[in-house]
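Undergrad: Provided herewith is a single structure, encoded as structure tokens, for subsequent inquiry.
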Amino acid sequence: MMASLDALLWDVDGTLADTEQEGHRPAFNAAFAAMGCDWYWSPQDYDRLLRVGGGQERLRAWMATRDDWPAEARRDPDGWVRQLHARKTALYRQRLLDTPLPLRPGVERLLKEAAAAGLRQAVVTTSSRAAVAGLLAGHRWLEPLFDLWVCGEDVTAKKPDPAAYRRALADLGVSCGQALALEDSPAGLQAARGAGLAVLITRCGDAPGPLEGAAAVVDTLESGILGRPLGLDDLRHLHAQR
């Protein structure tokens, strides 16, 4: 007998909101400037860096391709990365407080529909807890809808590793057969599939990589499949096909 759909596991960046290009990338660039570094990440640079899970990890991946490190980074690379990422996180949170990012189309509707139906819902991200709090500060009504946050600090390996999803399933007390993950990227898809989950992809930006193995791939929850918004019954159908 097929297990019922009892939980939705939501990625944050690119899934709840387009935080990557509109939030994290500008905050990184502002942090570079604030720390006297002339690096700048273009939208194309950042799309490539999205192959790497985690902000500090993306910064290290960038540094591995450069020989023009700031003097402070040469003296203490790990300390400089932590300092710059902390500055970036503070700038990101302030940016979201000043101008909250809109949720992606259909997210608010589906979150509320799932909550009304009694489904458990969790944030599953490898971004920092502070970054998640920054986004939700502009959407206070969202917080009570989530039973759980699993963030980058809660796991030792970030997406595409499945650790965050496995942690969420264990903490919620549900099996992979009772849940559906909502993601936007190949790395997120790989992480969720690695935990045995069915996955709905809502594409955001141009993060490269394959999307095979997703239950469905759509542009937004509102555009859905064949131009019809996706509702909870559609998610139950996708879940049943896993």
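The values are calculated or read from the model by the stated rules, or taken from the named source; none is laboratory data. Since this is a predicted model, take the numbers as computed values, not measurements. Reconstructed Cβ throughout: ideal geometry from the backbone, glycine too, with neighbour counts over all protein chains shown. Protein only, heavy atoms only, side chains kept; ligands, DNA and RNA dropped before computing areas. Shrake-Rupley method; radii C 1.70, N 1.55, O 1.52, S 1.80 Å.
Undergrad: With charges only on Cβ, +1 for K and R and -1 for D and E, what is the dipole size of the stretch 1-157 about its Cα centre, in debye, rounded to 20?
TA: Result for the stretch 1-157 is approximately 160 debye, rounded to the nearest 20.
Undergrad: Relative contact order of the chain: what whole-number percent is it, with Cα pairs under 8 angstrom and at least 6 residues apart?
TA: Relative contact order for the chain comes out at 25 percent.
Undergrad: What fraction of the DSSP beta bridges in the chain is antiparallel, stated in percent and rounded to the nearest 5?
TA: In the chain, approximately 10 percent of DSSP beta bridges are antiparallel ones.
Undergrad: What percentage of all Cα-Cα pairs in the stretch 49-173 are separated by more than 21 Å?
TA: 51
Undergrad: Can you give the % of DSSP beta bridges in the stretch 130-228 that are antiparallel, to the nearest 5?
TA: 10
Undergrad: Assuming R0 = 25 Å, can you tell me the calculated FRET efficiency for the pair residue 143 and residue 90, based on Cβ-Cβ distance, to the nearest 0.05?
TA: According to the calculation, E is roughly 0.75.
Undergrad: Say each of residue 225 and residue 68 gets a label point 7 Å from the Cα, pointing the same way as Cα to Cβ; how far apart are those two points in nm?
TA: Using points 7 Å along Cα→Cβ, the separation is 4.8 nm.
Undergrad: Using the Kirkwood formula over every pair of different C-alpha atoms, what hydrodynamic radius in Å results for the stretch 111-242?
TA: 15.2
Undergrad: Between Rg and the Kirkwood Rh of the stretch 46-89, both from Cα atoms, what is the Rg to Rh ratio?
TA: 0.96
Undergrad: Which angle between 0 and 90 degrees, to the nearest 10, do you get for helix 107-116 versus the longest principal axis of the chain when only C-alpha atoms count?
TA: It is inclined by approximately 50 degrees.
Undergrad: Show me, bin by bin at 10 Å from 0, the whole-percent P(r) of the stretch 175-235 based on Cα pairs.
TA: P(r) over the stretch 175-235, rounded to whole percents: 24, 53, 23, 0.
Undergrad: Can I ask one more? How much FRET efficiency would the formula 1/(1 + (r/R0)^6) give for residue 115 and residue 157, where r is the Cβ-Cβ distance and R0 is 35 Å, rounded to 0.05?
TA: That pair, residue 115 with residue 157, gives E of 0.70.
Undergrad: Also, quick follow-up: When all C-alpha to C-alpha distances in the chain are sorted into bins of 10 Å, what percent of pairs does each bin hold, rounded to whole numbers?
TA: Taking all Cα pairs of the chain, the binned fractions are 7, 33, 36, 17, 6, 1, 0 percent.
Undergrad: Net charge near residue 147: determine it from the other residues with C-beta under 12 Å of the C-beta of residue 147, scoring Lys and Arg +1 and Asp and Glu -1.
TA: Cβ neighbours under 12 Å give a net charge of -2.
Undergrad: Counting pairwise Cα distances across the stretch 73-119, what percent come out greater than 17 angstrom?
TA: The proportion of pairs with Cα distances above 17 Å equals 61 percent.
Undergrad: Can you give the Kirkwood hydrodynamic radius of the stretch 14-73 from its Cα pairs, in Å with one decimal?
TA: Computed over Cα pairs of the stretch 14-73, the Kirkwood hydrodynamic radius comes out at 12.1 Å.
Undergrad: What are the ³J(HN,Hα) couplings of the stretch 52-58, residue after residue, when phi is run through the Karplus curve with 6.51, -1.76, 1.60 and θ = phi - 60°? Round to Hz, x for glycine and proline.
TA: 9, x, x, x, 5, 5, 5
Undergrad: Tell me what the chain gives for mean residue ellipticity at 222 nm when only DSSP H runs of n ≥ 4 count, each as -39,500 (n - 2.57), the sum divided by the residue total, rounded to 500 deg cm²/dmol.
TA: The helix contribution divided over the chain gives -12000 deg cm²/dmol.
Undergrad: Right, next: To the nearest 10 Å², what's residue 176's accessible area with a 1.4 Å probe?
TA: Answer for residue 176: close to 50 Å² accessible.
Undergrad: Separate question: On a 0 to 90° scale, report how tilted helix 25-34 is relative to the longest principal axis of the chain, with both axes built from alpha carbons and the result rounded to the nearest 10.
TA: Relative to the chain, helix 25-34 is tipped by roughly 20 degrees.
Undergrad: How much accessible surface area, in Å² rounded to 10, belongs to the heavy atoms of residue 219 with a 1.4 Å probe?
TA: Counting only protein heavy atoms, residue 219 exposes about 80 Å² to solvent.
Undergrad: Could you give the alpha-carbon Rg of the stretch 95-147 over 2.2 N^0.38 Å, rounded to two decimals?
TA: In units of the globular-protein estimate, the stretch 95-147 measures up at 1.16.
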